[in-house]
1. Counting pairs of alpha carbon atoms under 8 Å apart in space and at least six apart in sequence, what relative contact order in percent does the chain give?
2. Could you tell me the ratio Rg/Rh of the stretch 36-130? Both radii from Cα atoms, Rh via Kirkwood.
3. Please pull out the direction-averaged projected area of the stretch 207-273, using the convex hull of its alpha-carbon atoms, in nm² to one decimal place.
4. With axes computed from alpha carbons, what is the tilt in degrees of helix 249-272 against the longest principal axis of the chain, rounded to the nearest 10 within 0 to 90?
5. Mind jotting down a quarter of the surface of the convex hull over the alpha carbons of the stretch 279-319, in square nanometres, one decimal?
6. Please identify, among 40, 284, 258, the residue showing maximal mean-square fluctuation in a Gaussian network model of the chain using a 10 angstrom Cα cutoff.
7. Out of 290, 142, 65, any idea which swings most in a Gaussian network model of the chain, alpha carbons joined below 10 Å?
8. Given an 8 Å cut-off on Cα distances and at least 6 residues of separation, report the relative contact order of the stretch 211-336 as a percent.
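Computed from the coordinates by the stated procedures, all read-outs in this text should not be read as laboratory data. Note that the structure is predicted; figures quoted are calculated from it, not measured. Backbone-built Cβ (ideal geometry, glycine too); neighbour counts: all protein chains shown.
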């Protein structure tokens with residue numbers, strides 16, 4: 001083994017500078033807070049609806065919960081796609097700061113909801129900001145970290161969502177016991193991330209890759225105004241970024257395949273993982289135990305596994321490649337769903353299986369933050385990442401709504417979860433058609 005190879009494989013972290021670590025920290029913290037807010041909704045939506053609905057409507061709370069989460073995901077999709085375009089035009093850093101500020105304000109306002117409709121509106125607005133933050137964090141980390149360690153950096157970034165989920169479970173363990181207004185307290189806590197923007201403004205620079213791409217775009221626009229027509233490759237640089245994803249055959253193929261894979265990940269995760277805490281809570285209630293406490297326990301177990309999965313995926317993808325690792329995570333997610341919902345009934349064993357389910361069903365999301373930035377040129381990167389990561393949230397929202405309805409129809413969680421889990425087969429089928437990009441430089445042009 002050469003000395004250079006030894007540095008990358010044995011002490012890769014020593015090759016990174018302060019800017020690269022600060023960029024990772026800023027992106028990770030933003031995603032931590034988004035994860036906290038997202039899982040706070042999953043943990044509290046039932047409690048909130050018990051206050052916001054008439055008692056005669058309690059039997060349909062799973063359906064209302066599905067509608068609330070679906071509304072959040074629709075906002076997530078719209079905000080994430082818009083932020084991807086915005087980040088390609090005004091920069092990664094500015095868009096990240098804007099997303100965190102909007103997220104913090106809208107989260108705090110969620111605590112003031114007076115009926116389920118107002119709650120749904122607030123959750124939609126929160127979703128707009130959550131989708132935005134992931135896009136900018138992914139693009140920033142991918143563009144600043146070195147090629148050989150990009151998967152590791154992205155895995156550490158992506159773990160923020162699981163850390164946020166874990167923190168929400170831990171906080172809810174204590175806040176949930178404070179009374180019927182505890183759910184409002186959880187959302188008030190979500191105002192704190194606004195302080196993070198003060199540090200981001202001075203601690204991290206704009207992405208150098210984006211700055212170069214932006215200069216090329218400006219120069220192309222100037223030539224276009226001067227001669228009245230596109231010259232050479234200027235048409236590619238001046239084309240609206242969303243249209244650019246479908247203009248060139250190679251990029252169009254990657255966009256479509258990756259979108260199908262992201263649909264499998266999103267529908268599978270939201271249509272299954274959403275119901276893990278209430279399912280275990282129902283099992284605990286039947287056993288005469290405290291449902292909120294066990295919902296917190298299972299949330300911590302699930303999200304401890306998620307954190308391992310997020311980080312582990314990045315390291316595995318750097319070692320073995322994006323394609324085989326992604327395919328394996330899809331396969332394990334499909335296998336573990338019936339193990340958890342149908343074949344495991346003892347509460348302590350459910351904690352163990354939940355950890356493994358989280359490792360793969362949540363951990364698989366790292367394929368998008370690792371692989372997607374490597375498929376698109378700089379001038380289209382945030383737009384491509386934003387569309388593919390967030391567009392399927394609309395389908396996932398439908399999946400969550402359908403899952404909630406199926407739970408009511410079947411009178412339980414198991415069969416509904418298995419039906420939704422079949423979406424992972426789509427990911428298994430289309431995954432092999434994307435190119436392997438492990439260790440390669442990010443493309444800067446089409």
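1. Details: 827 pairs, mean separation 114.7, N = 446.
Value for the chain: 26 percent.
2. Numbers: Rg = 14.6 Å, Rh = 13.9 Å.
Reported Rg/Rh (Cα atoms, Kirkwood Rh): 1.05.
3. On the way: hull surface 25.1 nm².
If I average the Cα hull's projected area over directions, I get 6.3 nm².
4. Here the helix axis deviates by roughly 20 degrees.
5. Values: hull surface 11.9 nm².
Taking the Cα atoms of the stretch 279-319, their convex hull projects to 3.0 nm² on average.
6. 284
7. 290
8. Working: 49 pairs, mean separation 13.7, N = 126.
Here the relative contact order equals 11 percent.
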